[in-house]
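Each remark here refers to the structure printed beneath this line.
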Amino acid sequence: MKILVIIPCYNESENIAKVVRRLRETCPAADYVVVNDCSTDKSVQVLKAEGCNYLDLPVNLGIGGGVQCGYRYAVEHGYDVTVQMDGDGQHDPAYLQAVIAPVLAGHLDMCIGSRFITKEGFQTSFMRRVGIRFLSSLLHVLTGCKVLDVTSGYRACGKALTARFAQCYAQDYPEPEAILRAVCEGYKVGEVPVVMAERQGGKSSINALKSVYYMVKVSLSLVIYRLCFTKKDKRRNEA
């Protein structure tokens, strides 16, 4: 089984070398590709100096577009399982096998590494936890699927879902929307416990004001997508 770890990177010069080194040491059998999304810091120089396998995007596509490039890369190179892992050092590659195991076994099409099952390690800020709980409840209402850590970027996908995401993937803040799309299209989604760390360096792109914008935008997007999918499914059944 060929496994590819997709690492999106935007201004992660302080973290990306350590992330890649730790992944290489912990999971030498897994391949990886760093997707540099037009970083304005020294990320590219670091990637070159480390001899990393990376894609250097010609224009900034945002997190969704960057991850989708990784999925396209996986399809073109025939990978069986893809794993998303953030470039800021929060995701521990020691849990990679636990995240991919349900996908390899055929139990899930997408398995999410969740910090909220055992509640160990870094739990993020109080306000973000409130927002995540709200989005988790909203997704449960819309799909019937219960996922606690809906914004976790630590997730594995099987070959079929990888191919689907290579064709179509949410752009701005894609983690909750990707879950909704997968469940609505009949893919099996679940989660396993992982322990995450706090960002190892640099600065998050999501501040307090953006968190409010994120909540409103993603909530509306989830509801609209679910309504559109329901109408499309109804037309298909009538035909």
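Every number here is computed from the coordinates shown, using simple stated rules; none is lab data. These numbers come from a predicted model, not from an experiment. All Cβ positions, even for glycine, are placed from backbone atoms using ideal geometry, and neighbour counts span all protein chains on display.
Worth a mention:
- Across all directions, the shadow cast by the convex hull of the stretch 1-44 built on its C-alpha atoms averages 3.0 square nanometres.
- Debye equation applied to the C-alpha atoms of the stretch 160-200, log10 I(q)/I(0) at 0.26 Å⁻¹: -0.95
- Packing-based ranking, highest mean first, of 216-222, 68-74, 153-159, 37-43 given that Cβ atoms within 10 Å are counted: 153-159, 68-74, 37-43, 216-222
- Using 0.36 nm per residue and subtracting the Cα-Cα separation, the extra length available between Leu220 and Glu185 on full extension is 10.7 nm.
- Computed over the alpha carbons of the stretch 3-238, Rg followed by Dmax gives 17.1, 58 Å.
- Under 5 Å between amide hydrogens, built in the peptide plane, is the criterion, and for Leu108 it picks out Val103 among residues at least 5 positions away or on other chains.
- Mean Cα-pair separation over length for the chain, i.e. relative contact order, pairs under 8 Å, 6 or more apart, %: 24 percent
- Paramagnetic reach from Tyr213 in the stretch 163-182 [backbone N under 16 Å; point 7 Å along Cα→Cβ]: 171-174
- Among Pro28, Pro174, Pro102, residue whose mean-square fluctuation peaks in a GNM of the chain (springs only between Cα atoms under 10 Å): Pro28
- For Tyr32, nonlocal amide neighbours, meaning residues 5 or more places apart or on other chains whose placed amide H falls under 5 Å from its own, are Val5.
- The stretch 1-43-the stretch 73-113 distance, computed between alpha-carbon centres (Å): 14 Å
- The string of couplings for the stretch 112-122 from the Karplus curve (6.51, -1.76, 1.60, θ = phi - 60°) is 9, x, 10, 8, 9, 7, 9, 6, 9, x, 5 Hz, one whole number per residue in order, with x for Gly and Pro.
- Options Ser39, Pro176, Gln97, ranked by Cα towards positive dipole end of the chain, top entry (Cβ charges): Pro176
- Order by protection proxy (mean Cβ within 10 Å, highest first), peptides 85-93, 55-63: 85-93, 55-63
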